[in-house]
1. Among the residues of region 142-158, is there at least one that is in contact (Cβ under 8 Å) with a residue 12 or more places away in the chain, under 30 Å from ASP73 (Cα atoms), assigned by TED's automatic domain parsing to the domain that holds ALA79 and surrounded by fewer than 14 Cβ atoms within 10 Å (Cβ to Cβ)?
2. Name the residues in region 204-228 that are crowded, with 20+ Cβ neighbours inside 10 Å and assigned to a strand (DSSP E or B), would you?
3. Give the residues of region 165-203 that are surrounded by 13 or more Cβ atoms within 10 Å (Cβ to Cβ) and farther than 25 Å from ALA137 by Cα, sorted by residue number.
4. Of a type in the set (A, V, I, L, M), under 30 Å from GLN144 (Cα atoms) and in contact with a strand residue (DSSP E or B) (Cβ under 7 Å, 6 or more places away or on another chain): which single residue out of LEU101, LEU45, LEU12 fits that description?
Amino acid sequence: MKKKYGLIGFPLGHSFSIDYFNNKFKSENIDAEYFNFEIKDVKELKHVLSDNPTLCGLNVTLPYKMDVIPLLDSITDNARNIGAVNVIKFKKGGFFTKLHLEGHNSDITGFKQSIEQMLGEKHRKALILGTGGASKAIYHGLKQLGLETLFVSRTQEDNSITYNEITPDMMDSHTVIINATPLGMYPKTDTCPDILYQCLTPDHILYDLIYNPDETLFMKKGKEAGAVVKNGLEMLLLQAFISWEIWNS
């Protein structure tokens, strides 16, 4: 019987995963298929499971990387420390009857591998734009790479500042800026985070987790200032590879 894998989130029109995995299955002669499960409430996960009994694993994307955790039977220490899940491994229960859902996070490894070679001596502090599930993995990844980080949010939250609290001095010292928000994602490509773009220099790295479009407005503004820019496609490919290893380990 053909195995099923898939992605839960909302919306999913931007998703690259479905093409990546189905091309992988075809090229490697794997008897499996990958589906998008666009759900408007994370609690609809139970319907996805009941309607697709041959599911063998899921990816999780916006906005459910944190909200899905209470619906899982267990999560790894890595995912617990990050506070977000983007991979669900399906395991059999005690008597091979009940399905056991185990949460993992592959974002952190994919991100670290994709940014590590870009970092130099001038890159010791970072701004993380956004406080959602993806930002948690970015925080832990940068911490492991030795960078100090500061979260930026639209509203006042613990352990973060708001966009209007960003100062020129802060822009000068935080030479790595990560967009972990959906601002600029297709189809709303004319939006971008509200930072002080006029303070950017060639010493800055602007890394956007978005991969559709290839170049976001955030990245364009960075390039205009001479900054090094990168989108999230490589991170996506790396974490997808790790997802496959998790499902089949």
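The values are calculated or read from the model by the stated rules, or taken from the named source; none is laboratory data. These figures come from a predicted structure and were not determined experimentally. Cβ: placed from backbone, ideal geometry, glycine included. Neighbour counts: every protein chain shown.
1. no
2. ILE205, LEU206, TYR207, ASP208
3. Listed by number, the list holds a single entry, CYS199.
4. Details: LEU45 fails: under 30 Å from GLN144 (Cα atoms); LEU12 fails: under 30 Å from GLN144 (Cα atoms).
Result: LEU101 is the single residue among LEU101, LEU45, LEU12 that is of a type in the set (A, V, I, L, M), under 30 Å from GLN144 (Cα atoms) and in contact with a strand residue (DSSP E or B) (Cβ under 7 Å, 6 or more places away or on another chain).
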